[in-house]
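The values are calculated or read from the model by the stated rules, or taken from the named source; none is laboratory data. On a predicted model such as this, the values are computed, not experimentally measured, just so you know. Note that we place each Cβ from the backbone using ideal geometry, even for glycine, and neighbour counts take in every protein chain shown. For accessibility, only protein heavy atoms count, side chains too; no ligands or nucleic acids. Shrake-Rupley method; radii C 1.70, N 1.55, O 1.52, S 1.80 Å.
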There are 2 protein chains.
Amino acid sequence: MNLTILGCYAATPRTLTNPTSQVLEMKNRMFLIDCGEGTQVQLRKNKLRFSKINHVFISHLHGDHYYGLIGLVSTFSLLNRKTDLHIYGPKGTKEITLLQLKLSNSWTGYNLYFHELESKEPEVVFEDDKVIVSTIPLKHRVYTNGFLFREKPGERKLDINAVQAHGIHTAYYQKIKNGSDITLDDGRVIPNSELTFDPPAPKSYAFCSDTIYDESIVPLIKDVDVVYHESTFLDSEAHLCEKTMHTTAKQAATIAKMANVKQLILGHFSTRYNSIEPFREEAQTIFENVLLADDGKVFEL
Amino acid sequence: MNLTILGCYAATPRTLTNPTSQVLEMKNRMFLIDCGEGTQVQLRKNKLRFSKINHVFISHLHGDHYYGLIGLVSTFSLLNRKTDLHIYGPKGTKEITLLQLKLSNSWTGYNLYFHELESKEPEVVFEDDKVIVSTIPLKHRVYTNGFLFREKPGERKLDINAVQAHGIHTAYYQKIKNGSDITLDDGRVIPNSELTFDPPAPKSYAFCSDTIYDESIVPLIKDVDVVYHESTFLDSEAHLCEKTMHTTAKQAATIAKMANVKQLILGHFSTRYNSIEPFREEAQTIFENVLLADDGKVFEL
C-alpha cells in the first residue's frame, strides 16, 4: 500500500502548492481521492499512469477538491481511454460533469459511471475481491464524506514443510489456503492451523477531509493503520474552525488518539503559514506518530 | 500594449505546457482571453495582478479554453475581490459557472456579469473611452468567437511651439487637442493641423483561436497590428485540419498575408511536436513577420 500526495493545501492553487488530491495504491488498484484543479498535471509530474485509475472518490463539491475532475475526464477521452471510469461523489457530481461535456459538444469514448452519494450514514460504495471502500460521513459546510479503504484478508499461507510431512496432495493446497482442515487417508484430521501461517494483516487507510472536529467518526476509523486527517489551522487560528468547519492539528491528533490509529498524516494546510512543521509539533503534543503530507510526497505504508 | 501568453498549447495541460490563456494589456486595461485549466497558477507565475482583471473573454467551451474559469472566479472570492467582473463567452458560460457555485454552496462577494454570445455576425461586446472589443466569428466544432481589441484614437498632440507663437491662451489647449481649429482675436483662422501633431496610431490586436482555415475573417482583421492565429498543425498533419477544424501554420500565414496584418503570432500548438520552431519556418514561406507564442512569453507590441 502506498499513498502519493498530489496536493494537500487548502483553498486556491498556487505556484508551489496544489489543492487536494491523492492516489492510494492498494492491492494493485489505484484509487484517486479528490481532484482539485491541476490534478492531471500533478499525476504527470508524479509519473503515475492515468490508465490505472478506474475509481475516483470526491469528498465534497468545494472547488479545491473537484475542479480538476472535468479536465481529467476530458483528458482520458483524448488519451483514447476505453476502460470504465467510476466516480463516487456527492449528488451534483454527475450533473456538473455531463453539463460541461454537453456544452463542449463532446463525449467520452469510455463508460462513465456516477455513484452519487446522499446518505449521512456510512455505507459501502465499492467492493471487489481484494478491497472494500466505505464512506465516513464528515461535518463540513457542504455535504461531505471521507473514505475508508480496507484490504480484505488474504488467503492463508501454506506451511509447505508441514503439508509435505503429511504427504498431502497438491490438489488440496487451495482448499487449505482457504482455511479448511484436512482429513488424511488414515482418518486423522489435521487442523488448518497446523498447515498454514496467518496471512499478512489486511491494511486500512482512512481519508478524512474536510471536516470540523467530530468525535462521531472515531468508531468508524477505530484501529485503522493510517488516517489522513485535515488540519487546516494551527492553534493560533483555532477560533476560525467553527465558522469554516475545519480542524486544527491538535484536534486531528485527538481524533487519531481516540481512534487508536497507528499513524496520522496531516494535510489540507492553510496557505497562510510559511512552514508546515508547526503542524507536526502541535499534533505531537497529543499523538506521537504524526507525518506531514506535502505535494509530491509518497508514503510507503 | 503588451501580451502575456499564459498558455498556448492544444488539448490537455501537461507538465510543461498549458492550455490557452493570455493577458492583453491595452491602454492600462487588462483583458484575460480564454482560461484553460491552471490559468490562475499561470497568472501567479507571471506575476500578473489578479485584481486588475475585470474582463474575461472566452472563445468557446472546449475544456482547454475555459476549464480554469470557475477556479479563477472562486479564487477572486477568496481574495475578497469587490470589483465587478465581466465574462464574455458562449451561451452556457453562465449556467456552468452558476451551477458550480451553487453546488459548492458558495457565492461571489463581487458582482459577476455574464455577456453571453450567440450571434454569428461580428458584434461589439465591450466599449469604453479608450478601447473597443468586437467578436470575430470563427468556424470550429462548437460555437466560437475570436476577439478584436482596438484602441480608440487618442487626442491630438499639441505643437507647443506653434500654439505659443500664435499667443493662444491655455484655456483653448484641450479644444485644440480635440481637433478644433482656432480663430484668433484678429479674425484669422488657424487650422488644427498647424497646431497639432497626429496622435500615436491606435493599436489593434486580434485573437483567432480555435478555427479552421477561413478567409471570411480576412476583412474583419484587415490591417490589424498583431494577429494571434491558431496553428495546431504543421503541413505534415494538414489532413487532420478538416475533421478537427484546426489550422496549419501555412494557412494561418495565408490569412495574415491576405489581411495585410503587421505581425502574426502563432499558437495553439499540438503537443505532438517536440519543437515549435518548424511552425515559424513553415509560416515564413508565406508571410515574413511571424512570432511564436510560448507559455510565459511576453510580447511588447
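Observations on the structure shown:
- Shape of chain A, Cα gyration tensor, a/c cut at 1.5: oblate
- Neighbourhood net charge (14 Å Cβ-Cβ; Lys/Arg +1, Asp/Glu -1) for B:Ser236: -2
- Interface A:B - total buried accessible surface [probe 1.4 Å, Å², rounded to 100]: 2800 Å²
- Mean partner shielding of peptide B:62-74, defined as the number of other chain Cβ atoms within 10 Å of each residue Cβ, is 5.
- Label point of B:Asn161 (7 Å along Cα→beta-carbon): distances to the other copies' equivalent points are 10.9 nm, sorted ascending.
- Rel. contact order, % - alpha carbon contacts under 8 angstrom, at least six apart, chain B: 16 percent
- Gain on full extension, evaluated as 0.36 nm per residue between A:Glu281 and A:Thr244 minus their Cα-Cα distance, stands at 11.0 nm.
- For the range A:128-141, Karplus couplings with θ = phi - 60° (6.51, -1.76, 1.60), whole Hz, Gly/Pro x: 9, 6, 10, 9, 10, 10, 10, 7, 10, x, 10, 10, 9, 6
- Residue-averaged 222 nm ellipticity for chain B, from DSSP H runs of 4+ at -39500 (n - 2.57), nearest 500: -5500 deg cm²/dmol
- Peptide B:40-51 shows a mean partner chain C-beta count of 2 within 10 Å per residue C-beta.
- FRET efficiency, A:Glu155 to A:Asn2 (Cβ-Cβ, R0 35 Å, nearest 0.05): 0.95
- The same position B:Leu240 in the other copies lies at 4.5 nm from this copy, comparing label points 7 Å beyond Cα toward the beta-carbon, shortest first.
- Surface exposure of the range A:78-161, expressed per residue as accessible area with a 1.4 Å probe, stands at 52 Å².
- Inter-copy label distances at A:Asn111 (7 Å, Cα→Cβ; nm, one decimal): 5.0
- Protein accessible area in chain B, 1.4 Å probe - carbon and sulfur %: 49 percent
- Given a 1.4 Å probe and the protein chains as shown, B:Asp295 ends up with an accessible area of around 40 Å².
- A cut-off of 5 Å between modelled amide H atoms, ignoring neighbours fewer than 5 places along the same chain, links B:Ile182 with B:Ile190, B:Asn192.
- Student exercise, the range B:157-197 dipole from Lys, Arg, Asp, Glu Cβ charges, in Debye to nearest 20: 180 debye
- Residues with amide H under 5 Å from that of B:Tyr67, placed H, sequence gap 5 or more: B:Glu37
- Peptide A:206-212 - average C-beta neighbours from other chains (10 Å radius): 0
- Summed residue charge, Cβ within 12 Å of A:Met245's Cβ, Lys/Arg positive, Asp/Glu negative: -1
- Near B:Met30, the amide H atoms lying under 5 Å from its own belong to B:Asn54; only residues 5 or more places off or on other chains count, and H is placed 1.01 Å from N.
- Accessible area of B:Ser51 (1.4 Å probe, protein heavy atoms only, ligands and nucleic acids ignored): about 70 Å².
- Normalised by the number of residues in the range B:157-197, the average gap of Cα pairs under 8 Å and 6 or more apart makes the relative contact order 50 percent.
- Anisotropy class of the range B:157-197 from Cα gyration tensor, a/c 1.5 cut: rounded
- For chain B, the share of DSSP beta bridges that are antiparallel, to the nearest 5, is 55%.
- Total formal charge among the other residues, if their Cβ is under 11 angstrom from that of A:Glu288, Lys/Arg +1 and Asp/Glu -1: +3
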